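Single-structure report; data block below.
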Amino acid sequence: MPLTFDDLLTRARALATGGRRALLGIAGCPGAGKTTLAERLVRELNGPGEPWVTHVPMDGFHLADVELDRLGRRDRKGAPDTFDAAGYAALLRRLRESPYSAGDLTETVYAPGFERVLEQPIAGAIPVPPAIRLVVTEGNYLLLESGSWVRVRRQLDEVWFCETGEPERIRRLVARHEEFGKDHATALAWVLGTDQRNAELIAATRDRADLVVPASAMPAPDGTHSPASP
């Protein structure tokens, strides 16, 4: 039977057992639908009741542009060494080791977010209160086996890899860059240059995932089921 989005919900829900907070990672190339999948999982799992699942993206650990300028890396923003991977791993460890509670017995953990218009990280933007039993985190390099990224994988109960066809992935990525200010030619050049080099590195980590999620099981960017879904 083909994997469905309902199957993903069942698998994610099963992680949050055993009396401790669980962490689910979603990896994939730029434009593969990681954020869309993470947000839909969180929304569907939480339902109308009290939230017990939250989304903490890796993007909050982008180095600020001023630091990328200092390091001479701004022209390849989005590459593995343009993130604070050690800081991300430390946050995941803190989230994992912080026990969840239905009351106020433990502290709220604050994670950084990422402002797409400014393309800058925002400190303390995402609260993870004690009642959260499952954290869904997503990013490009969760399965990378180099540097501090190795420590990231150790904190995650499972990592899923989003697999989307290249034409659709590239179309989405160009549209995203245009939405946030690049003209078409600049967006296309960035996608086929910097983004593509990163995508090739990420694609090589696919076999390390616990689950490969096909496009047919993922929600479309508008929140509906993927056009490829049965």
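The values are calculated or read from the model by the stated rules, or taken from the named source; none is laboratory data. Please read all numbers here as calculations on a predicted model, not as lab measurements. With ideal geometry, Cβ positions are generated from the backbone for all residues, glycine too; neighbour counts draw on all protein chains shown.
To keep it simple, each residue is scored yes or no on (1) surrounded by 14 or more Cβ atoms within 10 Å (Cβ to Cβ); (2) in a strand (DSSP E or B).
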{"residue": "ALA89", "(1), (2)": "yes, no"}
{"residue": "ARG96", "(1), (2)": "yes, no"}
{"residue": "ALA123", "(1), (2)": "no, yes"}
{"residue": "SER146", "(1), (2)": "no, no"}
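State all residues of segment 17-32 that are within 17 Å of VAL128 (Cβ to Cβ) and at pLDDT 90 or above; if no residue qualifies, say none. Hits for segment 17-32 are ARG21, ALA22, LEU23, LEU24, GLY25, ILE26. Here is the figure for segment 108-150: residues that are of a type in the set (A, V, I, L, M) and closer than 18 Å to ARG20 by Cα total 7. Count of segment 1-47 residues, restricted to those that are outside any helix (DSSP H, G or I), closer than 22 Å to LEU144 by Cα and β-branched (Val, Ile, Thr), is 1.
Being touching a residue at least 24 places away in the same chain (Cβ under 8 Å) and among the hydroxyl-bearing types (Ser, Thr, Tyr), is that true of even one residue in segment 27-47? Yes: segment 27-47 contains one or more residues that are touching a residue at least 24 places away in the same chain (Cβ under 8 Å) and among the hydroxyl-bearing types (Ser, Thr, Tyr).
Within segment 69-87, is even one residue in contact with a Pro (Cβ under 9 Å, 6 or more places away or on another chain) and of a type in the set (Ser, Thr, Tyr)? No, because not a single residue in segment 69-87 is in contact with a Pro (Cβ under 9 Å, 6 or more places away or on another chain) and of a type in the set (Ser, Thr, Tyr). Taking (1) surrounded by 20 or more Cβ atoms within 10 Å (Cβ to Cβ); (2) at pLDDT 95 or above; (3) assigned to a helix (DSSP H, G or I) in turn, PHE161 satisfies each apart from (3). Filtering segment 48-81 to residues that are of a type in the set (Asp, Glu) and either over 17 Å from PHE114 (Cβ atoms) or free of Cβ contacts under 8 Å to residues at least 24 places away in the same chain (or both) leaves GLU50, GLU67, ASP69, ASP75, ASP81.
Considering LEU156, LEU173, LEU201, which residue is assigned to a loop (DSSP other than H, G, I, E, B) and either within 17 Å of the chain's Cα centre (by Cα) or modelled with pLDDT of 85 or more (or both)? The conditions single out LEU156. State all residues of segment 98-120 that are modelled with pLDDT of 85 or more, among the β-branched types (Val, Ile, Thr) and surrounded by fewer than 17 Cβ atoms within 10 Å (Cβ to Cβ); if no residue qualifies, say none. Result: THR108, single match.
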